[in-house]
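These notes are about the structure you will find just below.
No lab work stands behind these numbers, since they all come straight from the coordinates. Just so you know, these numbers come straight off a predicted model, no measurement behind them. Please note: Cβ atoms are built from the backbone with ideal geometry, for glycine as well, and neighbour counts cover all protein chains shown.
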Amino acid sequence: MKQKFIRLTLLVTGILILGAGCRKRTADLPDTYVAFESSEQGITATESTITVKLKLSRFTDSILPVTVQLAEQDLAYGIDYTTVPGVVAGKLLVNVPAGANEVSFVLNKVNGVLFDGDEKIVFDLGQTTQKVSVGVTSRFTLSFAELIAQQPAMTINGGGVLYSNKVFMDLSANRQTSVNRNNWDLGFYTGNDQFRVILNSSTAMMARQLNKNDLNQVSAADTTGFSTEVAFNQFAPVASSLPYIDYPNGDLSRTAMAAISATAEENKVYIVNRGLAPGNPAPARGWKKIRVLRNASGGYTLQYADISAANFTSIDIAKDENYFFKYISFDNGAAAVEPAKKKWDLAWTYFSNVTNFGAGEVPYLFQDIILLNRNVSIAKVMNTTKAFADFTATDVPAQTFLTTQNAIAADWRSGGGPGVSPAVRSDRYYIVKDGDNNYYKLRFTALTQNGERGYPAFEAVWLKKG
């Protein structure tokens, strides 16, 4: 007999978007559509929480009530789970706040539950108001077991024209995790083989080493001339700035910061330009002086301060084999950024890249960049070789797979030019091998939503596991 010791709580969180009030509203605007972000997800035995989002096609002017109908499979409301707000007659009412374009359901598990794995809740979008209509993805199925999505598809929540989010995508779970790119500064590699630190490449960070190893002996005088060389310049980029960024292929031997030595005296102080936060104009995030050491627990110790500060702050970062990197914010300490190593495959982001204008590579900022996780590989297929619909599992062995994190980068979209808007390249698609050896064929279907950058979309089809 199945044993149940769970109380499942569904929280509804409105996500407000600042500045929405400046958007024009006219009677000619199309209907607002509401839809689930994805059609299905699974919540595994090891997960304690899961977030499910409803997305609107545009920002709201007023509170919009949306009714969600629930159908249970081997579950009983009030016995196996509860919701906030409560379910009445099999229906759940959620309100999208004024000035928002999404609302999220957060489902929390209580420790001690034993499920068979065949339990499900089916959520259907029901009655709406005259101001909002039901979109294409009107049904969402939550399975209480690990799910391998057969046809994942999503619109990436990059945050719009300010590309304010870095978004991590898990194909097999048909799930995305959006993180504001202003939320962290440094990532600390958790593998046992190396001690390496990466910069937040989504905020145009740079770091330059000094020939000093005492943070308190560094002042503003040590930064003379840094403001132009240790900074991105889109109008006149220079090759001399290249050593101060993490090389975009993800090679840990080519980071701006050297490997962290077991000998403390060998670990030098770095001056860090934190780059730019999302905004128009983008605000500068300021400068820091930092030093990183190994600690007695097998992890890292970060020392950091403002340039002219007489004292510094220290924080320890432990290695964690479930993740590739653990992250720190100079403002808030430990930061949750990328999911566990097997919980994401691709990331969409604004990115510290390089380009070549004819005289060698120079640092150059790109948006709409696709990155690979460190356990993921991809192969590109042109439609002239085989059409997307015709590619099957039997075609996988003939492909050549790449593992560098920028193997896709901007290859999936054209850059535009004078009088030409950027667009998805429809002549190619990609074969993705994830960290669990699932193979998908994936193609991008949109660069924008309603003409706005920052919301690209893709579709994929599971091919095989092995």
Dividing the mean separation of Cα pairs under 8 Å (6+ apart) by the residue count of the chain yields a relative contact order in percent of 14 percent
How do the peptides 240-248, 253-261 rank, highest first, by the average count of neighbouring beta carbon atoms within 10 Å per residue? 240-248, 253-261
For region 346-465, averaging the sequence separation of alpha carbon pairs under 8 Å that lie six or more residues apart and dividing by its residue count, the contact order in percent is 21 percent
Which distance in nm do the two modelled labels at Asn280 and Asp31 give, with both placed 7 Å along the Cα-to-Cβ direction? 2.9 nm
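How would you rank 51-59, 340-348, highest first, on the average number of other Cβ atoms within 10 Å across their residues?
340-348, 51-59
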Determine the sum of side-chain charges near Thr46: Lys and Arg each +1, Asp and Glu each -1, restricted to other residues whose C-beta is under 12 angstrom from that of Thr46. +1
Lysines near Lys441 by alpha-carbon distance under 23 Å, same-chain residues fewer than 8 away left out - which ones? Lys166, Lys341, Lys342, Lys343, Lys380, Lys386, Lys433, Lys464, Lys465
Tally Lys/Arg at +1 and Asp/Glu at -1 over every other residue whose Cβ is under 13 Å from the Cβ of Gln194; what's the total? +3
Sum of side-chain charges, Ser314 neighbourhood, beta-carbon under 14 Å (Lys, Arg +1; Asp, Glu -1): +2
Taking 7 Å along the Cα-to-C-beta vector as the label spot, tell me the Val84-Glu321 distance in nanometres, rounded to one decimal. 3.6 nm
When the chain is fully extended, how far beyond the present Cα-Cα distance does Asp74 get from Asn356, taking 0.36 nm per residue of separation? 95.6 nm
Rounded to the nearest 0.05, FRET efficiency between Ala236 and Asp436 (Cβ-Cβ, R0 60 Å) equals 0.85
Calculated FRET efficiency, Thr392 and Asp427, Cβ-Cβ r, R0 30 Å, to nearest 0.05? 0.90
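How high is the relative contact order of region 398-446, given as a whole-number percent (alpha carbon pairs under 8 Å, six or more residues apart)?
Values: 44 pairs, mean separation 12.3, N = 49.
Answer for region 398-446 is 25 percent.
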Quote to one decimal, in nm, the extra length available between Ala340 and Lys268 on full extension: 0.36 nm per residue of separation minus the C-alpha distance between them. 22.9 nm
